[in-house]
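Here's the structure we're looking at; comments come further down.
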Amino acid sequence: MKAIVTVLGKDKVGIIADVAIIMKEFGVNICDISQTLMQGYFTMIMLVDLETATVDFETLRKELAARGMEIGVDIRIQHQDLFDSMHKI
Amino acid sequence: MLETGDILETIRMVDDQNLDVRTITLSLSLLDCASSDGKEAEKKVYDKIMRRAGKLVQTGEKLSGELGIPIVNKRISVTPISIVGSPSGNYVGLAKVLDKAAKEIGVNFIGGYSALVHKSMTDAERAFLETIPEAISETDMVCSSVNVASTRSGINMDAVALMGKTVKELAERTRNDRAIGCAKFVVFANAVEDNPFMAGAFTGLGEGEATVNVGVSGPGVVAAALKACKGKDLTEIAEVIKRTAFKITRAGQLVGSKAAELLGAKFGIVDLSLAPTPAIGDSVAEILEVMGLSSVGGHGTTAALALLNDAVKKGGVMASSMVGGLSGAFIPVSEDAGMIRAARNGKLTLSKLEAMTAVCSVGLDMIAVPGDTSAETISAIIADECAIGVVNNKTTAVRLIPVPGGKVGDEVDFGGLLGSAPIMPVSDVDSSEFIRRGGIIPAPLHSLKN
């Protein structure tokens, strides 16, 4: 299953590294990354593959939210289908 | 890879603009649960609901977590109990079983304590209608609806007269709980069989075994999109609404089809609705005000609402494989912060609301009226709404709350999504002789349409 991970927060050194380590820890494969700064706000979108994930989706969602809090960013994961549905005809 | 802007737009819609799926409603046929033994019917109804809908709430929560979009309500609608219960006459017993099943499953409403009497009523249906106040006041989750008129058959004024009394009795029986019984009872013209919204959801006789119908929402998303349209003309406004409605509806379609798969049911329809909540920023009234009205209820409101309603449908139709239900902007007064404000200020009146119902879904909805409003006056209000629905070939409905002891200007708080409302004045003209005549207002001509 493919999912979209969104990371939003105040920019600082090492966010990508921190998030990548978390992904590795849960066996989540990063397929694509797009990252930018919007008015000083760190904004990263990742397409990830959960085929090799070591935990179920709900656990991963909660873990990412909690770990995001620790490093001071908002991390959420959502099924890719929602975005495909809303933005592709 | 998706565009970053598109992803962030969706997240903003959910976080800041109250985008949600308002309800996934599992529509269940109970036709195979009828029995001449009342206890046997109760057992069959309970077993079937628990078997088919037992996982509804956890399915909704799972989907909400995976997709990252709130699914506010999970609900069940069933075959009209006037039909399922007629062999035994154990209608109230079945209502209590529906209530029990709804509580155990964790849904917040179960609809279908209903009857279809738009042309005439059988002895069994008359007996059923008389049980509505008892059944609704003695249960918490059960919703009731009665169809009293249709474009094909006209308006059953005997039923209309009875419904005024039913509303009053419901108010009286639940007087210690803000007449909450009336919020769970709706009278329809041209009721639809696949409506996912309460209080009017029931499973029509043309429906299948188990079907998931979805109601979308998103007034806040439309209002936010229109706020970015300063200086644009109404043609462009309609275009923006269409594009926004498309996206909202796609989310509903996705949730509905996934829910159906998980529940082993068929996917039914997406109801293209803009359903408000009392939350700030989730108001249909606000959309009309963003279009340029200083308050909803003023002249121009009906035109603005007609534009909104039509554009929502045009945008939504292409976004979903199957569209149905009530499909239109809802204007429940107590459930919409903008409507509440306008009603409080005297800018929004019952007459204007009646005009608005001619161009949108659904009718005079969640309106608190004085406690001394007579049953005949309530029936007359129902008759007027039915006439609008029957002549214009659309669904209309009435859900009025005559608050016992309540006077014009008093505030009533129904709690939660039902919101709060100021008691609005009704006309003091006596219409009782008209209502007491009974009979049928014949179906209108379908030609000579001027």
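Read the figures in this text as sums done on the coordinates, not as results from a lab. Bear in mind that the values here come from a model prediction, so they are computed numbers and not experimental data. Every residue, glycine among them, receives a Cβ derived from its backbone with ideal geometry; neighbour counts consider all protein chains shown.
Net charge dipole, region B:211-350: roughly 180 debye, given to the nearest 20, about the Cα centre with Cβ charges of +1 for Lys and Arg and -1 for Asp and Glu. Think of region B:1-158 as a dipole: +1 on every Lys or Arg Cβ, -1 on every Asp or Glu Cβ, centred on the Cα centre; then among B:L8, B:I24, B:S88, B:S88 lies furthest on the positive end. Cα centroids of region B:71-146 and region B:1-38: 23 Å apart.
Mean partner shielding of peptide B:56-68, defined as the number of other chain Cβ atoms within 10 Å of each residue Cβ, is 3. Look at A:H87, A:H79, B:H118 and count the other Cβ atoms within 10 Å of each Cβ; fewest to most, that gives A:H87, A:H79, B:H118.
Does chain A come out rounded, prolate or oblate by the C-alpha gyration tensor, with a ≥ b ≥ c the root eigenvalues, rounded set by a/c under 1.5 and, if not, prolate when a/b is larger than b/c and oblate if not? Oblate, because a/c is 1.5 or more while a/b does not exceed b/c. Computed over the Cα atoms of region B:285-442, what is the ratio Rg over Rh, Rh following Kirkwood? Ratio of gyration radius to Kirkwood radius: 0.98. In plain terms, the residue of B:D336, B:D16 with the fewest other Cβ atoms within 10 Å comes first and the most crowded comes last, giving B:D16, B:D336.
Legend: mean number of C-beta atoms from other chains within 10 angstrom of residue C-beta atoms, peptide A:74-85, equals 6.
Only helices enter the 222 nm calculation for chain A: every DSSP H run of n ≥ 4 contributes -39,500 (n - 2.57), and dividing by all residues gives -11500 deg cm²/dmol, rounded to 500.
Among A:A17, A:A66, A:A53, the residue with the largest mean-square fluctuation in a Gaussian network model of chain A, with springs joining Cα atoms closer than 10 Å, is A:A17. Of all DSSP-defined beta bridges confined to the protein assembly as shown, some 55% are antiparallel rather than parallel.
The radius of gyration of the Cα set in chain B, together with its Dmax, comes out at 20.8, 68 angstrom.
Put a plus charge on the Cβ of each Lys and Arg, a minus charge on the Cβ of each Asp and Glu, and nothing anywhere else: the dipole of the protein assembly as shown about its Cα centre is then about 440 debye.
Placing pseudo-labels 7 Å out from each Cα toward the beta carbon at B:E239 and B:K314 gives an inter-label distance of 1.1 nm.
So what's region B:4-189 giving for Rg/Rh, alpha carbon basis, Kirkwood Rh from the mean inverse pair distance? Using Cα coordinates only, the ratio equals 1.05. Is the C-alpha gyration tensor of region B:201-301 telling us rounded, prolate or oblate? Criteria: a/c under 1.5 is rounded; beyond that, a/b larger than b/c is prolate, otherwise oblate. Taking the square roots of the gyration eigenvalues as a ≥ b ≥ c, region B:201-301 is prolate.
Dipole of the protein assembly as shown (Lys/Arg Cβ +1, Asp/Glu Cβ -1, origin at the Cα centre): which of B:L234, B:I382, B:G200 lies farthest to the positive side? The Cα lying farthest towards the positive end belongs to B:L234. Think of it as helices only: each DSSP H run of n ≥ 4 in chain B is worth -39500 (n - 2.57), and spread over all residues that comes to -13500 deg cm²/dmol at 222 nm. Using a Förster distance of 35 Å, how high is the FRET efficiency between A:S34 and B:A306, based on the Cβ-Cβ distance and rounded to 0.05? The computed FRET efficiency comes out at 0.25. Between B:L31 and B:S351, full extension at 0.36 nm per residue minus the direct alpha carbon distance yields a gain of 111.2 nm.
Under the rule a/c < 1.5 gives rounded, and otherwise a/b versus b/c splits prolate from oblate, where does the protein assembly as shown land using the Cα gyration tensor? In terms of gyration-tensor shape, prolate.
Given region B:99-205 reduced to its alpha-carbon atoms as identical point scatterers, what log10 I(q)/I(0) does the Debye formula return at q = 0.16 Å⁻¹? The calculated log intensity ratios at q = 0.16 Å⁻¹ are -0.68. Annotation: for a label point projected 7 angstrom from Cα along Cα→Cβ of B:R437, residues of region B:363-379 with backbone N closer than 18 Å are B:376-379.
Residues B:Y113, B:Y46, B:Y91, A:Y41, arranged from fewest to most other Cβ atoms within 10 angstrom of their Cβ, appear as A:Y41, B:Y46, B:Y91, B:Y113. The residues neighbouring B:V214, those whose beta-carbon lies less than 9 Å from its own, together hold a net charge of 0 under the Lys/Arg +1, Asp/Glu -1 convention. Summarising the strand pairing of chain B, around 35 percent of its internal DSSP beta bridges are antiparallel. Hey, what did chain B get for relative contact order, percent, Cα under 8 Å, at least 6 apart? Relative contact order, chain B: 18 percent.
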